[in-house]
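For reference, the structure discussed in these notes is given below.
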Amino acid sequence: MNLDSTFLPVGHAAAPVGDVRWLQIGGYQHASWVAGPGKRSVVWVAGCHRRCPGCIKPEWLDFTAGQRVSVGYLADVLNAVEGSAGVSFSGGEPFEQA
């Protein structure tokens, strides 16, 4: 497979365009101290065209991996966490979803 300088496969197809009210996620976790400053929640999205060497979650490269959740539901879950310094989005590739 030929990759460009950002580890995208050369000639890759665009990410599927979905309904912006939904996210395909691999999972989420509360109270992480390693995914950014302070105690925070982490959301791992599913789907990534990049093929970075050493990817920590290759099972989340597929855009149908994990579960489909509404943005509203995810916002409610994350907003209910007390004492959180924020939310980090990881992946997959967060920028490949609306």
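The values are calculated or read from the model by the stated rules, or taken from the named source; none is laboratory data. Keep in mind it's a predicted model, so treat the numbers as computed, not measured. Please note: Cβ atoms are built from the backbone with ideal geometry, for glycine as well, and neighbour counts cover all protein chains shown. When the accessible area is computed, the model is the full protein with side chains, heavy atoms only, and any ligands, DNA or RNA have been set aside. Shrake-Rupley method; radii C 1.70, N 1.55, O 1.52, S 1.80 Å.
Look at (1) farther than 23 Å from N2 by Cβ; (2) at pLDDT 90 or above; (3) surrounded by 14 or more Cβ atoms within 10 Å (Cβ to Cβ) and you find that G18 fails only one, number (2).
Residues in segment 25-35 that are out of contact with any helix residue (DSSP H, G or I) (no Cβ under 6 Å at 6 or more places or on another chain), surrounded by 13 or more Cβ atoms within 10 Å (Cβ to Cβ) and of a type outside the set (S, T, N, Q): I25, G27, Y28, H30, A35.
With respect to A85, is the statement that it is among the small types (G, A, S) and in contact with an Asp or Glu (Cβ under 8 Å, 6 or more places away or on another chain) true?
On the way: among the small types (G, A, S): yes; in contact with an Asp or Glu (Cβ under 8 Å, 6 or more places away or on another chain): no.
The answer is no for A85.
For segment 75-98, a residue qualifies if it is open to solvent by 70 Å² or more (accessible area, probe 1.4 Å), under 13 Å from Y28 (Cβ atoms) and over 14 Å from the mean Cα position of the chain (by Cα), and the qualifying residues are D76, N79, A80. Mind checking which residues of segment 36-71 are open to solvent by 40 Å² or more (accessible area, probe 1.4 Å) and either in a helix (DSSP H, G or I) or hydrophobic (A, V, I, L, M, F, W, C) (or both)? Residues satisfying the conditions are W44, C52, C55, I56, P58, E59, F63, V71.
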